[in-house]
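Before any comments, here is the structure.
The values are calculated or read from the model by the stated rules, or taken from the named source; none is laboratory data. Just so we're clear, the structure is a prediction, and the values are computed from it rather than from any experiment. Neighbour counts are summed over all protein chains in view; Cβ atoms, including those assigned to glycine, are modelled from backbone coordinates with ideal geometry.
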Amino acid sequence: MSFFNKKENDIDALKNKGLALFKLGRYPEAIECFEKVLAIDGNDIFALYNKGAALFKLGRYPKAIECCDEALAIDGNDIFALYNKGLALSKLGRYDEAIKCFEKALAIDGNNIGALYNKGAALFKLGRYPKAIECFEKILAIDGSDIFALNNKGYALFRLRRYPEAIECYEKALAIDGNDILALKNKELALLELGRYEEAKKCSKKALAIDEDS
């Protein structure tokens, strides 16, 4: 005779349903599933941070933070809760607090690309461009072909008026994807600052051609 725990079976089914609904973009329904899990087990961290992720998608950032805080009260080292809380804090413009969350996540996993990228983005928003560049460089040390990191490092260098270095970043991005419109437009701006108008014109022309084709 075989036995199974009906409570665990119900929880697993609700979690799977919640995740499926989340992937379909049906966030209110996903939240209902995770809330049913929490009604059975209020300490289910998986349900807490996924409920928070669904609330985040709905733009309900304070409520998303509450879910993450509940998860972190159970396990202060839950990397998903730390990351999601950091994202929600960034959306609210609370960049210093967001950075602390990403740093805690990175203390657990120093190669977490998402945490590095969003820490860099938060530092950028605060005008702390050298520190932001450090984050993007760490990403590029892991994956030198990360176009987002190349573009963002370039833009931080641009803000520091280090235009030749910024152009180098954009050129690396364009070597990976010659139609990267963001790299083309940013390269154009840096070239204009250096008075290299003909080169800037070529970037502008190419960017416009891509816009027209898309």
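Kindly indicate whether any position in region 76-86 is of a type in the set (S, T, N, Q) and part of a helix (DSSP H, G or I). Yes: one or more hits. Screening Ala81 on (1) within 15 Å of the chain's Cα centre (by Cα); (2) under 30 Å from Arg159 (Cβ atoms); (3) buried (at least 24 other Cβ atoms within 10 Å of the Cβ) shows it passes everything except condition (2).
Pairs are defined by a Cβ separation below 6 Å, a sequence spacing of at least 6 or placement on different chains, a first member in region 115-142 that is among the β-branched types (Val, Ile, Thr), and a second member that is surrounded by fewer than 20 Cβ atoms within 10 Å (Cβ to Cβ) and part of a helix (DSSP H, G or I); the pairs so defined are Ile139/Ile113.
Might you let me know whether region 142-152 holds any residue that is under 27 Å from Gly42 (Cα atoms) and of a type in the set (A, V, I, L, M)? Scanning region 142-152, I find no residue that is under 27 Å from Gly42 (Cα atoms) and of a type in the set (A, V, I, L, M), so the answer is no. Considering region 16-32, the residues that are crowded, with 19+ Cβ neighbours inside 10 Å and touching a Cys at 6+ places or on another chain (Cβ under 7 Å) include one that is farthest from Cys67 (Cα to Cα), namely Leu21.
Within region 46-68, residues that are at pLDDT 95 or above have Cβ atoms under 8 Å from residues that are among the charged types (D, E, K, R) and buried (at least 24 other Cβ atoms within 10 Å of the Cβ) in these pairs: Gly52/Lys85; Ala64/Lys85; Ile65/Lys85; Cys67/Lys51; Cys68/Lys85, counting only partners at least 6 apart in sequence or on another chain.
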